[in-house]
1. Does segment 20-43 hold any residues that are within 17 Å of Ala82 (Cα to Cα) and over 18 Å from the mean Cα position of the chain (by Cα), and which are they?
2. Give the residue, chosen from Thr71, Thr10, that is polar (S, T, N, Q) and either in a helix (DSSP H, G or I) or surrounded by fewer than 19 Cβ atoms within 10 Å (Cβ to Cβ) (or both).
3. How about segment 130-146: which of its residues are of a type in the set (S, T, N, Q) and either over 15 Å from Leu97 (Cβ atoms) or not in a strand (DSSP E or B) (or both)?
4. Look through Gly24, Gly55 and report the one residue that is at pLDDT below 95 and either farther than 21 Å from Leu177 by Cα or surrounded by fewer than 18 Cβ atoms within 10 Å (Cβ to Cβ) (or both).
5. Looking at Arg136 and the list (1) under 25 Å from Thr36 (Cβ atoms); (2) modelled with pLDDT of 95 or more, which single condition is not satisfied?
6. With the requirement that a residue be under 15 Å from the mean Cα position of the chain (by Cα) and under 10 Å from Cys8 (Cβ atoms), what does segment 44-78 give you?
7. Kindly list the number of the only condition in (1) assigned to a helix (DSSP H, G or I); (2) under 27 Å from Gln127 (Cβ atoms) that fails for Phe18.
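The values are calculated or read from the model by the stated rules, or taken from the named source; none is laboratory data. On a predicted model such as this, the values are computed, not experimentally measured, just so you know. Note: ideal-geometry Cβ built from the backbone for every residue, glycine included; neighbour counts use all protein chains shown.
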Amino acid sequence: MRTLVIDCATENCSAALFEGEGEGDMLRLIDGRCETLGRGHAERLVPMIAELPDGGRADRIAVSTGPGSFTGIRVGLAAAKALALAWRADLVGFPTLALIAAQARAQSGAVPVGVANNAGHGEWFVQEFAADGLPRSDARSLPPPEAQAALTAEQVAGSKAEALVAARGFGQAWPLLPDARQFAALPQSLLLPDPHPAYGRRPDAAIPNKGTTGRRVDNSQRAG
């Protein structure tokens, strides 16, 4: 069985093709791409998939569901659903922060990992994972001081890992962004059937109520 993995929920845009079933040694990376774009995921993702062997065609598609960029999450899910329909492939989702934690565990060993990632508007997405890679808490978007208090693990991964470790004064930082090529390190028990976006916070833009003007929050720091 082949699995196409898509992740464009952060500044990174990545796609990878795996062969095999299960996880770890049972999944073999055939080929993959990972680029830090910031923006432009919609323009780059499909060509990136097309560069993979057989155009990335697979029996199963796994896509990141967030939390992360509103635009990036929607781009990834739309592409995954369209390809799953065209190829009659199975479709599953996976949590973005769990993949970051798995990447850190692949380097640091089987230890608890906290993840601190940019959430935009001055907040950080944070979540803790146990030594087996399973979540110990829910993903939350918090101001930096609250984020620092929320993570107690010695090892911290993510785009805000270095800032968090420096602020609290202890631990080791792994400044990582999610990379689809590292999908084999993710516990397969975290795969989600019928994936839906998990934005992690309220939308940046809202439809105004009748009689109000509404307000749009600047989204310039969001990926996608």
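1. Of segment 20-43, the ones within 17 Å of Ala82 (Cα to Cα) are 41-43.
Answer for segment 20-43, where residues must be within 17 Å of Ala82 (Cα to Cα) and over 18 Å from the mean Cα position of the chain (by Cα): just Glu43.
2. So the residue among Thr71, Thr10 that is polar (S, T, N, Q) and either in a helix (DSSP H, G or I) or surrounded by fewer than 19 Cβ atoms within 10 Å (Cβ to Cβ) (or both) is Thr71.
3. The first filter runs over segment 130-146 and keeps only residues of a type in the set (S, T, N, Q), leaving 137, 141.
Answer for segment 130-146, where residues must be of a type in the set (S, T, N, Q) and either over 15 Å from Leu97 (Cβ atoms) or not in a strand (DSSP E or B) (or both): just Ser137.
4. Working: Gly55 fails: at pLDDT below 95.
That would be Gly24, the only listed residue that is at pLDDT below 95 and either farther than 21 Å from Leu177 by Cα or surrounded by fewer than 18 Cβ atoms within 10 Å (Cβ to Cβ) (or both).
5. The failed condition is (1).
6. Correct list: Leu45, Val63, Ser64, Gly68, Ser69, Thr71, Gly72, Ile73, Arg74, Val75, Gly76, Leu77.
7. Exception for Phe18: condition (1).
Residues are listed down the side, and each one gets a yes or a no for (1) aromatic (Phe, Trp, Tyr); (2) over 21 Å from Trp87 (Cα atoms); (3) in contact (Cβ under 8 Å) with a residue 40 or more places away in the chain:
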| position | (1), (2), (3) |
| --- | --- |
| Ala9 | no, yes, yes |
| Ala15 | no, no, yes |
| Phe18 | yes, no, yes |
| Ala50 | no, no, no |
